[in-house]
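> Below you will find the structure I want to go over with you.
The values are calculated or read from the model by the stated rules, or taken from the named source; none is laboratory data. Quantities reported herein were computed from a predicted structural model and do not represent experimental measurements. Neighbour counts are summed over all protein chains in view; Cβ atoms, including those assigned to glycine, are modelled from backbone coordinates with ideal geometry. Surface areas here come from the heavy atoms of the whole protein model, side chains and all, with no ligands, DNA or RNA. Shrake-Rupley method; radii C 1.70, N 1.55, O 1.52, S 1.80 Å.
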Amino acid sequence: MANSDLKELAQLFLKLGATAFGGPAAHIALMNQEIVERRKWLDRQRFLDLLGATNLIPGPNSTELAIHIGLERAGWRGLIVAGGCFILPAMLIVWALAALYARYQTVPQLGWLMYGVKPVIIAIVVQALWSLGKTAFKNAPTALVSWAAFALSLAGLNEILLLLLSGLVTMLALNWGRGLKSGGAASFFIPAPGLLSLAQAPGFVGIAAMAGVAGASAPPSLAGIFWFFLKIGSVLYGSGYVLLAFLQNDLVERWGWLTSQQLIDAVAIGQFTPGPLFTTATFIGYLLGGSPGAILGTVGIFLPAFFFVAAVNPLIPVLRLSPWAGGFLDGVNAASLGLMGAVTLDLGRAALTDGLTVILAFAALWGVFRYKFNSTWLVLAGGLIGLIWRTLI
């Protein structure tokens with residue numbers, strides 16, 4: 001590992017953290033373009049395996065993927081650098097907006113910026129789905145489970161259930177009749193003792209127990225803010241809407257730390273700023289405890305992701321060695337792309353609202369497929385066009 005690797009990781013993920021609008025699907029697409037296609041740090045299969053692994057653990061998926069990439073590229077120092085640099089720009093932006101909000105009680109109007117960015121993001125995600133799909137769809141079972149995950153996600157089925165079912169169906173379809181020869185199905189469970197020992201480790205149990213008392217007092221203390229968001233980061237699966245439900249139940253209804261309007265504004269800021277959506281914790285932490293609260297809320301919600309990735313990453317090559325576990329992972333990878341496709345469809349419905357946005361989307365598609373334009377410049381151009389269009393109407 002060279003210092004140049006750490007410098008490259010820092011530069012890349014600082015850039016992505018400052019320009020990666022659009023949520024996890026868009027972040028993953030941008031990372032695919034930068035990591036797999038431009039820099040060739042990972043091949044598509046390894047990238048897909050890391051993506052599949054992030055979908056099976058709690059926490060912010062795109063941040064965990066950044067952490068995985070850092071670990072692959074430069075060891076444990078790369079893990080810290082990539083994850084920290086991806087989070088930092090978004091945290092600073094949200095922190096500044098929270099300070100303005102605390103003073104003026106209003107959210108800056110970012111709608112016109114996102115008006116031009118969203119159509120471009122759709123094009124980038126479509127290009128990522130195309131390139132990753134060529135690797136993920138290895139056979140009929142993986143293609144079928146991907147389309148099934150796409151359809152069932154649109155129908156409202158739980159994402160984690162879809163991932164697990166897709167993995168199991170693909171594993172059985174690819175290994176039916178293999179039986180227990182050469183280890184057979186039993187080899188799928190090789191990593192289980194390691195996972196069990198991790199879950200039973202005193203440190204892990206202690207953290208879980210302390211997280212359980214998060215925010216037990218009112219008004220909130222700095223320790224309460226930290227433990228509350230540590231608990232959220234340790235158990236939360238799903239989208240920003242799932243995060244909203246968790247926060248509504250505890251912060252608004254149970255403890256009364258925030259009003260419903262403050263919570264909606266906090267989630268809106270997380271959605272409309274670049275980088276991880278979980279920087280909503282930065283905004284809420286500032287409202288509850290000022291600048292120290294912003295820092296502790298951010299550290300609390302993202303810290304578990306670093307430990308989960310460090311624990312899971314070494315298991316991925318082991319899973320690949322087993323036909324059964326490898327089949328399960330192939331199914332999860334294919335289903336992950338199906339879920340990304342469903343998110344892209346939803347984004348398209350929200351983003352393609354008039355002739356200009358349709359033109360922007362097709363122009364960006366032409367740019368990424370025909371000329372391999374750098375996605376960062378496309379996103380910035382889309383935002384600029386949106387802002388210019390605002391001045392003309």
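> May I ask you to list the residues of the range 139-178 whose amide nitrogen lies under 17 Å from a point 7 Å from Cα along the Cα→beta-carbon direction of Leu345?
143-160, 162-163
> Across the range 71-123, how large is the tail of the calculated P(r) beyond 17 Å, expressed as a percent of all Cα pairs?
Looking at the range 71-123, the distances longer than 17 Å represent 62 percent of pairs.
> With +1 assigned to the C-beta of every Lys and Arg and -1 to the C-beta of every Asp and Glu, and no other charges, what is the dipole magnitude of the chain about the Cα centre in debye, to the nearest 20?
700 debye
> Still on this structure, I have one more. Please report the projected area of the chain's Cα convex hull averaged over all directions, in nm².
20.1 nm²
> Further, regarding this structure: Let me know the charge dipole size of the range 1-106 about its Cα centre in debye, to the nearest 20, where only the beta-carbon of Lys, Arg (+1) and Asp, Glu (-1) is charged.
220 debye
> Applying a 10 Å radius around every beta-carbon, put 129-142, 282-295, 86-99 in order of their mean neighbour count, most first.
The densest-packed peptide leads the list: 282-295, 86-99, 129-142.
> Note the full-extension length gain between Leu321 and Trp366 as 0.36 nm times their separation in residues minus their Cα-Cα distance, in nm to one decimal.
12.3 nm
> Right, next: Cα to Cα, under 19 Å, and not fewer than 8 places away if on the same chain: which aspartates and glutamates meet these conditions relative to Lys138?
Straight-distance partners of Lys138: Asp43, Asp49, Asp330.
> Just in the range 1-106: which trypsin sites (Lys or Arg not before Pro) are loop by DSSP and have at most 11 other Cβ atoms within 10 Å?
Passing both the DSSP loop test and the Cβ count: Lys40.
> At what distance in angstrom do the alpha carbon centres of the range 319-393 and the range 31-60 lie from each other?
Going from one Cα centre to the other spans 16 Å.
> Counting alpha carbon pairs within less than 8 Å and at least 6 residues apart, what relative contact order, in whole percent, applies to the chain?
32 percent
> In addition: For the pair Gln271 and Glu37, how long in nm is the line joining their label points, each one 7 Å along Cα→Cβ?
Simple spin-label model gives 2.7 nm for this pair.
> Tell me, in nm to one decimal, what length is gained between Leu168 and Asn249 on full extension, where the rule is 0.36 nm per residue of separation less the Cα-Cα distance?
So the extension gain works out to 25.8 nm.
> Can you send over the solvent-accessible area of Ile80, 1.4 Å probe, protein chains only, in Å² to the nearest 10?
90 Å²
> Another one. I need the calculated FRET efficiency for the pair Ser221 and Trp147, taking r as the beta carbon distance and R₀ as 51 Å, to the nearest 0.05.
The calculated FRET efficiency here is 0.55.
> Round to a whole angstrom and tell me the spacing of the C-alpha centers of the range 149-164 and the range 83-125.
Going from one Cα centre to the other spans 28 Å.
> For the range 1-122, what D do you get in µm² per second when you plug the Kirkwood radius from alpha-carbon pairs into Stokes-Einstein at 20 °C and 1.002 mPa s?
140 µm²/s
> Contour minus end-to-end for Asn158 and Trp377, with contour as 0.36 nm per residue of separation and end-to-end as the Cα-Cα distance?
75.3 nm
> Would you tally the net charge around Phe246, using a Cβ to Cβ cut-off of less than 12 Å, leaving Phe246 out, and scoring K and R as +1, D and E as -1?
0
> For Thr273, what residues show an amide H to amide H distance below 5 Å, using hydrogens built from the backbone and excluding near sequence neighbours?
Sorted by chain and number, the residues that satisfy this come to none at all.
> Just grab the label-to-label distance for Thr106 and Ser291, each label 7 Å out from Cα along the Cβ direction, in nm (one decimal).
Here the modelled spin labels are 2.6 nm apart.
> Return the lysines within reach of Lys134: Cα separation strictly under 28 angstrom, same-chain partners fewer than 8 residues apart disregarded; answer none if there are no such residues.
Within the straight-line limit of under 28 Å, Lys134 reaches these lysines: Lys15, Lys40, Lys118, Lys372.
> Given the -39500 (n - 2.57) contribution per DSSP H run of 4+ residues, what per-residue ellipticity at 222 nm results for the chain, rounded to the nearest 500 deg cm²/dmol?
Computed mean residue ellipticity for the chain: -25500 deg cm²/dmol.
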